[in-house]
Amino acid sequence: MTNNSTPLLSICIPTNGIIELIFPVLESIYAQSEVAAELYEVIVMDNGDNSEFKLKIKEFAKIHSNLVYKETDYKGFLNESESYKVAKGTFIKFINHRTKLLPGTIQYFIEFINKNKNEKPCVYFSNGVIKKIKGLAEYSDFDSYVKNLRVWSSWSTGMGFWKEDFDRIPKEKEFNELYPHTTILFNERNKSKYIIDNTLLLDEIQISHANKGRYNLFYAFGVEYPAILCDLLRANAIRTETFLSVKKDNLKFISGLFLDFVILRKPCSYDLSGRKESLNVFYVYKKVLRKSIVILIVRILKFPFKILKKICTRG
């Protein structure tokens, strides 16, 4: 791909340089040889200090002319927004550095771009996590879009957006440090069409929570994320009903985290400090605790049925 050509698709992969994760992801991309290299670019934005990774990715880039490797001093999740600034494609798709592309996924994105490049609807690729949506769902307003995304709007993996929309964000705009993708996801509020595409396109490499982020978990989901939703409510971008609906969905999610990492003490790399204070801002700490116990009871009751199902399947 020449420097002057404009690809249809930019695949942005922010990373801190974990070789065991990102190279299987890159291999899943370049295995899809049915798509011409000039139709897409791959941007790897590295804010890590792994010298072995830096050498290996530079050698990898020599083989693939459409791979762009950049280093940045931006720490944490802001690495993500920096990768978008480098992208040249008509459409930009975020890919987590531990999420492999299933066969045919790049072609799927290319076809989506060609079909929608005139209207340019907002889209979120939820990858099968929203059980109530089969395939693709369309909405005519921003409020319905946010309501049906539910707590998954906190999840950057589904992000995909038009470069034209990204370029409309003011240069001086500061991206949210914990959820930089929401600065883009919630910026376009007056489109005529919003899409949630729940097609299974990605395969996450499973790793232990002991090797994930080091951010303050309950501040992130108990304070910062609800505050972002609250800003939408104050701006009259969403209805009170939508705010309360997503907030309630987030409570269930937080309670599951509380059960796993506080009550059951499963290993994790997250910062769990100040959780009582954080969970008393938009929620009630004791209510989170009670809901966590309820989730535990449900899990225990479901366990024998899971074992029985496995036995029957094997039989």
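For the stretch 20-40, a residue qualifies if it is in a helix (DSSP H, G or I), free of Cβ contacts under 8 Å to residues at least 40 places away in the same chain and of a type in the set (Ser, Thr, Tyr), and exactly one does: 30. When the stretch 258-280 is limited to residues that are under 26 Å from residue 233 (Cβ atoms) and surrounded by 15 or more Cβ atoms within 10 Å (Cβ to Cβ), the one that is nearest to the chain's Cα centre (by Cα) turns out to be 258.
Within the stretch 71-80, can one find any residue that is modelled with pLDDT under 95, closer than 26 Å to residue 155 by Cβ, assigned to a helix (DSSP H, G or I) and not hydrophobic (A, V, I, L, M, F, W, C)? Looking through the stretch 71-80, at least one residue is modelled with pLDDT under 95, closer than 26 Å to residue 155 by Cβ, assigned to a helix (DSSP H, G or I) and not hydrophobic (A, V, I, L, M, F, W, C).
Would you say residue 88 is open to solvent by 40 Å² or more (accessible area, probe 1.4 Å), in contact with a helix residue (DSSP H, G or I) (Cβ under 8 Å, 6 or more places away or on another chain), of a type in the set (D, E, K, R) and closer than 20 Å to residue 38 by Cα? Spell out the reasoning first.
Working: open to solvent by 40 Å² or more (accessible area, probe 1.4 Å): yes; in contact with a helix residue (DSSP H, G or I) (Cβ under 8 Å, 6 or more places away or on another chain): yes; of a type in the set (D, E, K, R): yes; closer than 20 Å to residue 38 by Cα: yes.
Yes, satisfied.
Checking the structure you have, find out if any residue of the stretch 290-309 is open to solvent by 80 Å² or more (accessible area, probe 1.4 Å), in contact with a Phe, Trp or Tyr (Cβ under 8 Å, 6 or more places away or on another chain) and either at positive phi or modelled with pLDDT under 95 (or both). No, the stretch 290-309 contains no residue that is open to solvent by 80 Å² or more (accessible area, probe 1.4 Å), in contact with a Phe, Trp or Tyr (Cβ under 8 Å, 6 or more places away or on another chain) and either at positive phi or modelled with pLDDT under 95 (or both).
The test for being within 23 Å of residue 179 (Cα to Cα), loosely packed, with under 14 Cβ neighbours inside 10 Å and at pLDDT below 95 does not hold for residue 46.
Does any residue of the stretch 10-19 turn out to be in contact with a strand residue (DSSP E or B) (Cβ under 6 Å, 6 or more places away or on another chain), at pLDDT below 95 and in a loop (DSSP other than H, G, I, E, B)? Yes, some residue in the stretch 10-19 is in contact with a strand residue (DSSP E or B) (Cβ under 6 Å, 6 or more places away or on another chain), at pLDDT below 95 and in a loop (DSSP other than H, G, I, E, B).
Screening the stretch 95-187 for strands (runs of 3 or more DSSP E) wholly inside it with 3 or more residues that are farther than 19 Å from residue 80 by Cβ returns the ranges 136-139.
Residues 27, 52, 41, 59: which one is within 18 Å of residue 105 (Cβ to Cβ), open to solvent by 50 Å² or more (accessible area, probe 1.4 Å) and acidic (Asp, Glu)?
Exactly one residue qualifies, and that residue is 27.
Restricting the stretch 231-251 to residues that are open to solvent by 60 Å² or more (accessible area, probe 1.4 Å) and not hydrophobic (A, V, I, L, M, F, W, C) leaves a set whose member that is nearest to residue 77 (Cα to Cα) is 231.
Which of (1) crowded, with 21+ Cβ neighbours inside 10 Å; (2) more than 17 Å from residue 10 (Cβ to Cβ); (3) aliphatic (A, V, I, L, M) is the odd one out, the single condition residue 159 does not satisfy? Every listed condition holds for residue 159 apart from (2). The residues on offer are 254, 228, and the sole one that is of a type in the set (Val, Ile, Thr), assigned to a helix (DSSP H, G or I), open to solvent by 10 Å² or more (accessible area, probe 1.4 Å) and under 26 Å from residue 281 (Cβ atoms) is 228.
From 104, 76, grab the single residue that is in contact (Cβ under 8 Å) with a residue 60 or more places away in the chain, at positive phi, over 17 Å from the mean Cα position of the chain (by Cα) and open to solvent by 10 Å² or more (accessible area, probe 1.4 Å).
On the way: 76 fails: over 17 Å from the mean Cα position of the chain (by Cα).
Going through 104, 76 in turn, the sole match is 104.
Figure legend. Inter-residue proximity from the stretch 138-149: first residues touching a residue at least 40 places away in the same chain (Cβ under 8 Å) and open to solvent by less than 60 Å² (accessible area, probe 1.4 Å), second residues outside any strand (DSSP E or B) and not hydrophobic (A, V, I, L, M, F, W, C), beta-carbon distance below 6 Å, spacing 6+ or different chains. Indicated pairs: 139/145; 142/189; 143/239; 143/242; 146/242; 147/242; 147/245. In the stretch 200-215 there is no residue that is open to solvent by less than 50 Å² (accessible area, probe 1.4 Å), of a type in the set (S, T, N, Q) and under 18 Å from the mean Cα position of the chain (by Cα).
The values are calculated or read from the model by the stated rules, or taken from the named source; none is laboratory data. If you're wondering where the values come from, they're calculated on a predicted model, not measured in any experiment. As a convention, Cβ positions derive from the backbone with ideal geometry for all residues, glycine included, and neighbour counts pool all protein chains shown. When the accessible area is computed, the model is the full protein with side chains, heavy atoms only, and any ligands, DNA or RNA have been set aside. Shrake-Rupley method; radii C 1.70, N 1.55, O 1.52, S 1.80 Å.
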